[in-house]
Amino acid sequence: MPTCRRKRVLLTEPSQALLKTASTDPIKPVFYLRETGEIFETYEAYAARMSFYRMRQFQCEVTGKSGLDYFQAVESERQEARTLHSRFSEPLKPAVLKAVQWQVMGRLDHLVEAVYERFKDRYFSGERILIDLAGIKYYARVDKVYPPKYHADPKARDAHMDPASSSNLDKNDPPHVIGGDLKTSSVDALNKDNPALYYYWVYLTELERDKSHEKNKSGTKITEQDKKLVGSLIEVHCGMMSRDRLSFSKSILRRFIRDCVDRDAAVASPWTVKPAIASRYGVQSIMTEETRQGVENIKKGEIDKRKKAWEDKEGPPTKKQKKMTAAQEEKERREREAREKEEKQKLAKEEAERLAAEKKKKKPIRYPTEDMDVTITEKDKKAGMREERPIPKRQSLPFSNNHYSLEGFLMTWNFLVVYGQPFHLSVITLDEYEHALRHTAIEHPCVLLAEIHSALIYNLRTVNFNRHSATLSLLKLKEAYEEQAEDPDTASSMLGVKIDDLLAAMADIGNNWERVPLRHAEGRDGWEEALIGCLKDHATTDNFPRIQWILTKLLFAPADDVVEDGTFQDPMLSVVASPRERYYSLCPEDRIQILSFLCTLAASSKAIHLHMESCEEQLTALRKEKIEVNRQKKQFQEEMNTLAGEAKEESPSTNGDGDGSVPPEQSELSDASEANLRAKAHAQSHSHSKEREAARQKQASQKHAVAEHRRLDEEVNKLERRLEGIERDFRKLLGAIRVKPLGKDRFYNRFWWFDGMGSASLVGSGGIALYGTGRLFIQGPSEFDQELLDKRDDEQAEPLTMRRLNDEGESGLFYYDTWGVYTEIEELEALMAWLNPKGVRELALKTALTKWWPHITAGMKKRAADLNANAKIPDARRSSRKTAQGDLSREPYMLWANRRAINTS
């Protein structure tokens, strides 16, 4: 049964009132959910249940696959069950089910381990097995099974070769009765029913497929004598026999048992075979008194064990307990010691196998590696790494209640901003675009709406179209309704307007849309009628399914006595109206659909293709320039390093006279002549002048080196600023060709930052920060990436679900249709602290965020400042008679002006 948040999904039972009504009013209409057989009295209950089943939050209980809806999970379980039961050995099923019936074991893994150890060397009549004869393997079928009492008597085994005498062999001597009973300890089962003492008569059916080409195995040569053995009956023992791993392994056994058994949630509850399966395979479904008493004793012992542990922790209970008799205490002690001994042996064996496997397979991990193989350590926690990702805001998203509208909103805004140059549109912020789409005041036309629609209409004049395609498509739709519906007029009408009335209303509107001048100086007057004409010639019910709805809303208004309250609750329409009046009654979702359709068509226009080719050429030039700038930067840095090395090699000048001569004694001066004295003075003066000249030259050289180093440093700084400009230009041009996310986290969630692409810039004149969205968006994994997550095997699928809950939080789980947003710098800092650079995806994402961090944070600050400025309370000295419409005209989106507009028609 599928699970949701680790709990089984129980089907809804009909209410008692509905069951009573069934007897009194058997023809009462109800809502029936065919896939589950559930019955609902109201449509709201039916729709709520169906919406619950369609959510991608269910998990297949058999395979562990997550991110499925309920019906996909049910189909996955059925498919896996069919595959499993077709592979698992049919003669082995009754023995395994009888062994697990009413067994009390805490974990399913322990039960699987016990069953596997008991039956891995025990075989039954009719099983398809593998026989190893001197290195040659044959497929065989077990014909007869001889228990240990025939071990030392070959004549008794040969006597049963006669079919008449061997017909009752299995009835009189059923195999593995003691060994297959899990209530018997492993030692007793081996002593009383040793599988090595069994003999089997088997038919050799065919040779095993040659696998010598696999993994460089050297194949054993098969002779004609070996082939002649096929079809013969031989006697073998368990050491020569084995099962195919596809039909019997711990993994297959675990799935089979989990699919066939169930257990209550109470302490020490036994595993029970499902009644339908027990009836099919002859498993006893009624618990005997002896078995029931054994289960009760185990349950009582477990409860007492827990009570004792609680008492040791919390202190003795207030009331005295009744003491057990000495015999009961001794029995319980022996059973407890036996269980503890067996548990210790299992744990020791598992630990030995685990250590051996780790020693054999353990390899040093080289980082970065696959993100899902990286776990946060205590050292990482002490270094400040977060364990849980900051939860993105979902309610702060525009149109967060519908992911289709949100994605269309982001797509159209990005398209208009990226291709602002060929469209001749100034940059629009996401907030301005959102408020414009929500604008409903007819008295104050929105310039932004007029400019973007006019730009798209001008562009679509160059795209091939079929005249009156919408009219022809609606006529075909009407014919289809006439053929299928009993009342075609009612079936084909929408909002109270028939298709014939709609065609009549749109016949004379927008017919010359491709030639009508929409001048900027005149406020793009007539763009609403041109929009109708554009839709008439480009749209059909196939490429724009809501064309009938949109045209009806644009061409018809409610009656005079019906007032639209602005809540977008659509009344019935009956009066033909002008499109320029009716456009502002459209809800934002309808406007987004119109713009999405127009942008999709405009993507194929020649102007867009020429702009993309120009961007490709500019990208090539930027790549060449970047190479040249990096080369110059490297050259300047090498020259700076050379100057620094020469400065270190020069030793500091010594102070003093410059020579190491000792001044003469006074007695020598008295004996020397005046001529010698003047000669020495002249020589000393000449030497000092040379030293001063050398010092002046050295000082000049040092000044020149310092000036040269400063000049090279300035050149390097200029080149670095140019590289930053190249990176910004590269982002702008690349955004006009393809829009890619900044990166993905460990769970393949995509992070989007849309600023600085196409015609938008990140830095304005004077170095001022600019923004388009001023936010960082996060989207769930794509369907392809979700499949990569689901492909993790059964042993890792359940921990993966738990890891997502631990790392993202229950409210932070994202799927392919889930969006979130970060609007605060503190949230980004927390996200950076959560990303683990040991994983390949998160290392790339963290590198990208670090690269653009100054611009991302500057855009967030600028947007926050703009929002705060626009949200200021009006000055108290202003007139209280100022109307809301007057305030509306000063809104930022109403003050937007298209500075790239061309005034020609």
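The values are calculated or read from the model by the stated rules, or taken from the named source; none is laboratory data. Here the structure is a predicted model, which means the values were calculated and not measured. Reconstructed Cβ throughout: ideal geometry from the backbone, glycine too, with neighbour counts over all protein chains shown.
Quick check on residue 872: is it touching a Phe, Trp or Tyr at 6+ places or on another chain (Cβ under 9 Å), at pLDDT 50 or above and farther than 23 Å from residue 454 by Cα? Steps first, please.
Details: touching a Phe, Trp or Tyr at 6+ places or on another chain (Cβ under 9 Å): no; at pLDDT 50 or above: yes; farther than 23 Å from residue 454 by Cα: yes.
When the stated conditions are applied, residue 872 does not pass them.
Just the residues that are surrounded by 12 or more Cβ atoms within 10 Å (Cβ to Cβ) and modelled with pLDDT of 75 or more, please, taken from region 306-339.
331, 332, 335, 336, 339
Check 54, 8 and return the single one that is loosely packed, with under 10 Cβ neighbours inside 10 Å and not small (Gly, Ala, Ser). Walk me through it before giving the result.
Working: 54 fails: loosely packed, with under 10 Cβ neighbours inside 10 Å.
It is 8.
Say whether the condition of being of a type in the set (Lys, Arg), over 21 Å from residue 593 (Cα atoms) and surrounded by fewer than 19 Cβ atoms within 10 Å (Cβ to Cβ) is met by at least one residue in region 521-535.
Here is the first cut: in region 521-535, the residues of a type in the set (Lys, Arg) are 524.
Subsequent filtering for residues that are over 21 Å from residue 593 (Cα atoms) retains 524.
Now drop any that are not surrounded by fewer than 19 Cβ atoms within 10 Å (Cβ to Cβ), which leaves none.
So far as region 521-535 goes, no, none of its residues is of a type in the set (Lys, Arg), over 21 Å from residue 593 (Cα atoms) and surrounded by fewer than 19 Cβ atoms within 10 Å (Cβ to Cβ).
For a quick check of your reading: which helices (runs of 4 or more DSSP H) sit entirely within region 444-556 and have at least 1 residues that are touching a strand residue (DSSP E or B) at 6+ places or on another chain (Cβ under 6 Å) and closer than 30 Å to residue 413 by Cβ? Can you show your working first?
Details: elements: 447-460, 469-484, 488-492, 499-506, 527-538, 547-555.
By residue number, 547-555.
Can you tell me how many residues in region 374-430 are within 30 Å of residue 838 (Cα to Cα) and in contact with a Pro (Cβ under 9 Å, 6 or more places away or on another chain)? Give the steps one after another, and end with the answer.
Within region 374-430, the subset within 30 Å of residue 838 (Cα to Cα) is 374-394.
The next check asks that each one be in contact with a Pro (Cβ under 9 Å, 6 or more places away or on another chain); those that pass are 374.
Selection size over region 374-430: 1.
Hey, residue 404 hits all of (1) in contact (Cβ under 8 Å) with a residue 12 or more places away in the chain; (2) more than 15 Å from residue 598 (Cβ to Cβ) but one; which does it fall short on?
Residue 404 satisfies all of (1) in contact (Cβ under 8 Å) with a residue 12 or more places away in the chain; (2) more than 15 Å from residue 598 (Cβ to Cβ) except (1).
So, in region 720-759, how many residues would count as being more than 20 Å from residue 617 (Cα to Cα) and out of contact with any strand residue (DSSP E or B) (no Cβ under 7 Å at 6 or more places or on another chain)?
To start, the set of residues in region 720-759 that are more than 20 Å from residue 617 (Cα to Cα) comprises 720-721, 741-755.
This time we only want the ones that are out of contact with any strand residue (DSSP E or B) (no Cβ under 7 Å at 6 or more places or on another chain), so: 720-721, 745, 747-748, 754-755.
Qualifying residue count, region 720-759: 7.
Mind checking whether some residue in region 725-733 is buried (at least 19 other Cβ atoms within 10 Å of the Cβ), touching a residue at least 60 places away in the same chain (Cβ under 8 Å), not in a helix (DSSP H, G or I) and not hydroxyl-bearing (Ser, Thr, Tyr)?
no
With (1) under 30 Å from residue 638 (Cβ atoms); (2) in contact with a Ser or Thr (Cβ under 7 Å, 6 or more places away or on another chain) as the list, and residue 715 as the residue in question, which single condition is left unmet?
For residue 715, the exception is condition (2).
Tally the residues that are surrounded by fewer than 16 Cβ atoms within 10 Å (Cβ to Cβ), acidic (Asp, Glu) and modelled with pLDDT of 90 or more, restricting the search to region 480-507.
Matching residues across region 480-507 total 1.
When the residues of region 13-50 are filtered to those that are surrounded by 11 or more Cβ atoms within 10 Å (Cβ to Cβ), farther than 20 Å from residue 68 by Cβ and β-branched (Val, Ile, Thr), which remaining residue is modelled with the lowest pLDDT?
This residue is 21.
Looking at 528, 514, which is the one that is in the same structural domain as residue 575 (by TED's automatic domain parsing) and touching a Phe, Trp or Tyr at 6+ places or on another chain (Cβ under 7 Å)?
On the way: 514 fails: touching a Phe, Trp or Tyr at 6+ places or on another chain (Cβ under 7 Å).
Being in the same structural domain as residue 575 (by TED's automatic domain parsing) and touching a Phe, Trp or Tyr at 6+ places or on another chain (Cβ under 7 Å) holds for just one of 528, 514, which is 528.
Which residue pairs have Cβ atoms closer than 7 Å, lie 6 or more positions apart in sequence or on different chains, and pair a first residue in region 330-357 that is among the acidic types (Asp, Glu) with a second residue that is assigned to a helix (DSSP H, G or I)?
Note: pairs meeting the criteria are 332/301; 335/301.
Residue under question is residue 405, and the condition is that it be hydroxyl-bearing (Ser, Thr, Tyr), buried (at least 16 other Cβ atoms within 10 Å of the Cβ), modelled with pLDDT under 95 and farther than 28 Å from residue 840 by Cβ; does it hold? Talk me through it step by step, then tell me what you get.
Details: hydroxyl-bearing (Ser, Thr, Tyr): yes; buried (at least 16 other Cβ atoms within 10 Å of the Cβ): yes; modelled with pLDDT under 95: yes; farther than 28 Å from residue 840 by Cβ: yes.
For residue 405, the condition - hydroxyl-bearing (Ser, Thr, Tyr), buried (at least 16 other Cβ atoms within 10 Å of the Cβ), modelled with pLDDT under 95 and farther than 28 Å from residue 840 by Cβ - is met.
If the requirement is being under 15 Å from residue 255 (Cβ atoms) and part of a helix (DSSP H, G or I), which of these qualifies: 117, 113? Walk me through how you get there before you give the answer.
Details: 117 fails: under 15 Å from residue 255 (Cβ atoms).
So the residue among 117, 113 that is under 15 Å from residue 255 (Cβ atoms) and part of a helix (DSSP H, G or I) is 113.
Give 649, 668, 628, 691 a once-over and let me know the one that is surrounded by fewer than 10 Cβ atoms within 10 Å (Cβ to Cβ), of a type outside the set (Val, Ile, Thr) and modelled with pLDDT of 65 or more.
Values: 668 fails: modelled with pLDDT of 65 or more; 628 fails: surrounded by fewer than 10 Cβ atoms within 10 Å (Cβ to Cβ); 691 fails: surrounded by fewer than 10 Cβ atoms within 10 Å (Cβ to Cβ).
Exactly one residue qualifies, and that residue is 649.
Yes or no, residue by residue, for (1) assigned by TED's automatic domain parsing to the domain that holds residue 201; (2) closer than 15 Å to residue 263 by Cα; (3) crowded, with 18+ Cβ neighbours inside 10 Å:
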site: 90; (1), (2), (3): yes, no, no
site: 95; (1), (2), (3): yes, no, yes
site: 109; (1), (2), (3): yes, yes, no
site: 117; (1), (2), (3): yes, no, no
site: 124; (1), (2), (3): yes, no, yes
site: 130; (1), (2), (3): yes, no, no
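Quick check on region 121-132: of everything there that is in a strand (DSSP E or B) and in contact with a helix residue (DSSP H, G or I) (Cβ under 7 Å, 6 or more places away or on another chain), which residue is farthest from residue 88 (Cα to Cα)? Steps first, answer last, please.
Kept after step one, since they are in a strand (DSSP E or B), are these residues of region 121-132: 128-132.
Within this subset, residues satisfying the condition of being in contact with a helix residue (DSSP H, G or I) (Cβ under 7 Å, 6 or more places away or on another chain) are 131-132.
Values: 131: 18, 132: 21 Å.
Taking the candidates together, the pick is 132.
Would you mind finding the one in 22, 73, 47 that is under 19 Å from residue 259 (Cα atoms), among the hydrophobic types (A, V, I, L, M, F, W, C) and in a helix (DSSP H, G or I)?
Numbers: 22 fails: under 19 Å from residue 259 (Cα atoms); 47 fails: under 19 Å from residue 259 (Cα atoms).
Matching residue, one of 22, 73, 47: 73.
If the requirement is being in contact (Cβ under 8 Å) with a residue 24 or more places away in the chain, of a type outside the set (D, E, K, R) and touching a His at 6+ places or on another chain (Cβ under 8 Å), which of these qualifies: 818, 823, 801? Quick ask: steps written out before the conclusion?
Values: 823 fails: touching a His at 6+ places or on another chain (Cβ under 8 Å); 801 fails: touching a His at 6+ places or on another chain (Cβ under 8 Å).
Selected residue: 818, the only one of 818, 823, 801 that is in contact (Cβ under 8 Å) with a residue 24 or more places away in the chain, of a type outside the set (D, E, K, R) and touching a His at 6+ places or on another chain (Cβ under 8 Å).
How many of the residues in region 597-622 are part of a loop (DSSP other than H, G, I, E, B) and either surrounded by fewer than 17 Cβ atoms within 10 Å (Cβ to Cβ) or in contact with a Phe, Trp or Tyr (Cβ under 7 Å, 6 or more places away or on another chain) (or both)? Quick ask: steps written out before the conclusion?
Pass one, region 597-622, residues part of a loop (DSSP other than H, G, I, E, B): 603-605.
Those left that are additionally either surrounded by fewer than 17 Cβ atoms within 10 Å (Cβ to Cβ) or in contact with a Phe, Trp or Tyr (Cβ under 7 Å, 6 or more places away or on another chain) (or both): 603-604.
Residues that pass the stated criteria total 2.
Among the candidates 366, 389, single out the residue that is in a loop (DSSP other than H, G, I, E, B) and outside the structural domain of residue 828 (by TED's automatic domain parsing).
Values: 389 fails: outside the structural domain of residue 828 (by TED's automatic domain parsing).
Step by step, each of 366, 389 is checked, and only 366 is in a loop (DSSP other than H, G, I, E, B) and outside the structural domain of residue 828 (by TED's automatic domain parsing).
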